[in-house]
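Each remark here refers to the structure printed beneath this line.
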Amino acid sequence: MPLRYVLPILLLVASPALAADRTIYLTFDDGPLNGTSNILDVVQAEQVPVTLFMVGMHAEANAANRALLQRAKSMPLVTIGNHSYSHAYNHYRHFYGDTEGVVADMFRANAVLGLKPAVRARLPGRDVFRLPDYSKDDNSLGLAEAGREDPDYEFVAASGFWLYGWDHEWVHESSGKPVQSVDHLVSEIDHLFAYGHFAKPNKLILLMHDEMFQDAFDGKAKLTALITALRLRHYAFGTIADYD
Ligand SMILES: [Zn+2]
């Protein structure tokens, strides 16, 4: 392309007029857990769409968690996603490679969560995308392991699941306590939109975990502060159904 055409295009891309095209997808993994009710309270108060990738085993653990699932399902702004039944019991290497076992575990979570295809899902411990028009493997895996697990991803996708990874994480300590401050996270997000590469351009899937938002970590205030800060910077919040 001749240079005289490239420069105007670059200016157009950098234009603040396109700020509203920068969309953030808030996703929360591993619930229902302590912290989930605070997330739902904030969703209700702030009217933002979210996706909760839930673990079947957690959803049927006790009456309180079953009630959280029902409350989440009653909220139009909440998309319930499948994050497996067992969460691989956190032994990912053992879990993956047994394709039939992985697919069965995902179906078992569908039954507990009451989900029907096409189900939006996130595999436990894996940043993998398998969408009708987009596919990406987990860059943290070696080639051999990625190759070994690829049939699992493909069979899960072929069984009626749309798999979503993530672009950035609000990290937590093993206790569940968030690592980055809200201000730091927002500056990371600004930087990523300016210089980063996302799975899809101008769409950032933010990974968080329900346990980060429990009262002990001031979860409700922190999540509210994050949403307020991102709104002030004119980011839009997207529904996962509109991601594709
Ligand atoms: Zn998880």
**Message:** Looking at the chain only, what percent of DSSP beta bridges run antiparallel? Nearest 5 please.
**Reply:** 20
**Prompt:** If one puts a single equal scatterer on every Cα of the range 28-162 and applies the Debye formula without solvent, what log₁₀ I(q)/I(0) results at q = 0.11, 0.12, 0.18 Å⁻¹?
**Reply:** -0.39, -0.46, -0.97
**Complete:** For the range 132-213, the Cα-Cα pair-distance distribution in 10 Å bins from 0, as whole percents, is 15, 35, 35, 15, 0
**Complete:** Of the candidates V55, S84, A229, the farthest towards the positive dipole end of the range 19-242 (Lys/Arg Cβ +1, Asp/Glu Cβ -1, centred on the Cα centre) is A229
**Message:** Give me the 1.4 Å probe accessible area per residue for the chain, excluding ligands and nucleic acids, in Å².
**Reply:** 48
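On full extension of the chain, what length is gained from Q70 through D183, given 0.36 nm per residue of separation minus the C-alpha to C-alpha distance?
In short, 37.4 nm is gained.
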**Asked** Which value in deg cm²/dmol, rounded to the nearest 500, describes the helix-derived mean residue ellipticity at 222 nm for the chain, given -39,500 (n - 2.57) per DSSP H run of n ≥ 4 and division by the residue count?
**Response** -12500 deg cm²/dmol
**Item:** Where Rh is the Kirkwood radius over Cα pairs, Rg/Rh for the range 108-244
**Value:** 0.98
**Item:** Cα-based convex hull volume of the chain per residue, rounded to whole Å³
**Value:** 137
**Count of lysine pairs in the chain with Cα separation under 23 Å (8 or more residues apart, or interchain)** = 7
**Of all accessible heavy-atom area on the chain, the percent that carbon and sulfur account for (1.4 Å)** = 57
**Request:** Let me know the volume per residue of the alpha-carbon convex hull for the range 111-178, in Å³.
**Result:** 123
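The values are calculated or read from the model by the stated rules, or taken from the named source; none is laboratory data. Not measured: the values here are computed from a predicted model. For neighbour counting, all protein chains shown are included, and Cβ atoms are generated from backbone atoms with ideal geometry for every residue, glycine included. Remember, those area values only see protein heavy atoms, side chains included, never the ligands or the DNA or RNA. Shrake-Rupley method; radii C 1.70, N 1.55, O 1.52, S 1.80 Å.
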